[in-house]
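Asks: Right, I'll just put the structure down here and ask away after.
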Amino acid sequence: MVFSQGDKEGVPKEKVQPEWMPVSESYVIGPEDVLNIHVWREEALSRNVAVRMDGKISLPLIDDIQAAGYTARQLKDVLTNKLKEFVENPNVSVTVVEANSYKVYISGQVRSPGVYRLRSETSLLQFISMVGGVTEWANQSKIIVIRKENGKEKRFTINYKKIIQGKDLNSNIILKTGDTIIVP
């Protein structure tokens, strides 16, 4: 999903990615994601839940539990262990219904700047294609990626020209949630 400033009234315009795009198995759950928790033969425990901004979800019997930071498979294991106190041999499934937390920001000389929600692992090269490519005025040798790691801001200067020429494939980084890309 993209929010761009193409609307005449200045209100962000929403562009929706195809709903059929699956969330990868390595997708890490984050705030604003919507999960379907299904406990087989326990309909009272099964439901769709939104991950709160504190990264937790609320479920009957086990109350609040951390969901952000886990994959669906990891969360399934955590919930199964917690429910063992209340349900004999719980069979739990966790599905990410809406992947809303994996956001990447792009601005500058690209065709469609804005905020994009990604559903799977995406490289810089793939992402620039998703936004329609760079404009003819872009400085392709000085693309900046700003990333927060361990509470500190890191900046990478990437030569996009070398990536597409096959000369510097190591710079074709995998984007992480919260990355900001500036194409001067």
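Asks: Would you compute, from DSSP H runs of 4+ residues alone, the mean residue ellipticity of the chain at 222 nm, taking -39500 (n - 2.57) per run and dividing by the full residue count, rounded to the nearest 500?
Replies: Numbers: 3 runs with 24 residues, N = 184.
For the chain, the value works out to -3500 deg cm²/dmol.
Asks: Rounded to whole Hz and in sequence order, give me ³J(HN,Hα) for the range 104-109 from the Karplus expression 6.51 cos²θ - 1.76 cosθ + 1.60, θ = phi - 60°, writing x for Gly and Pro.
Replies: Each residue's phi maps through the Karplus curve to give 10, 10, 9, 9, x, 7 Hz.
Asks: Continuing with the same structure: May I ask for the longest run of the chain untouched by trypsin sites (Lys or Arg not before Pro) that are loop-located per DSSP and have at most 14 neighbouring C-beta atoms (other than their own) within 10 Å?
Replies: Looking at the chain, 9-40 is the longest stretch - no exposed trypsin sites (Lys or Arg not before Pro) with at most 14 other Cβ atoms within 10 Å.
Asks: Treating only the Cβ of Lys, Arg, Asp and Glu as charged (+1, +1, -1, -1), what charge dipole size does the range 34-98 show about its Cα centre? Round to the nearest 20 debye.
Replies: In debye, rounded to 20, the range 34-98 gives about 140.
Asks: Ok, one more. Considering Cα pairs under 8 angstrom that are at least six residues apart, work out the relative contact order of the chain and quote it in whole percent.
Replies: For the chain, the relative contact order is 20 percent.
Asks: About the Cα centre of the range 74-122, what is the dipole size in debye to 20, counting +1 per Lys and Arg Cβ and -1 per Asp and Glu Cβ, all else neutral?
Replies: Working: 7 positive and 5 negative charges, 60 e Å.
The dipole magnitude comes to about 280 debye.
Asks: Please give me, ordered by residue number, the chymotrypsin sites (Phe, Trp or Tyr not before Pro) of the range 51-153 that lie in loop per DSSP and have at most 16 other Cβ atoms within 10 Å.
Replies: Working: sites: Y70, F86, Y102, Y105, Y116, F127, W137; in loops: Y70, F86, Y102, W137.
Sites meeting the loop and neighbour criteria: F86, W137.
Asks: Pop the C-beta distance of S26 and S107 into the FRET formula with R0 = 25 Å and round what comes out to the nearest 0.05.
Replies: 0.35
Asks: Could you give the nm distance between label points at Q165 and Q66, where each point is 7 Å from its Cα heading toward the beta carbon?
Replies: In this crude spin-label approximation the distance works out to 4.6 nm.
Asks: What residues qualify as long-range amide H neighbours of K148, i.e. H under 5 Å apart, gap of 5 or more or another chain, H built at 1.01 Å from N?
Replies: Counting only residues 5 or more places away or on other chains, the set is K154.
Asks: At most 11 other Cβ atoms within 10 Å and a DSSP loop assignment: could you name the GluC sites (Glu not before Pro) in the range 25-79 that fit?
Replies: Hits after loop and neighbour filter: E25.
Asks: Using a basic spin-label model with each label point 7 Å from the Cα along Cα→Cβ, how many nm lie between E42 and Q126?
Replies: Each label point lies 7 Å from its Cα, and together they span 3.5 nm.
Asks: Next up: Against the longest principal axis of the chain, how steep is helix 72-83, in degrees 0 to 90 to the nearest 10, with axes from Cα atoms?
Replies: 20
All of the numbers you see were taken from the coordinates with simple rules; none came from a lab. All figures in this text were calculated on a predicted structure; none of them were measured in a lab. Because the Cβ atoms are built from the backbone with ideal geometry, glycine has one as well, and the counts that use them run over all protein chains shown.
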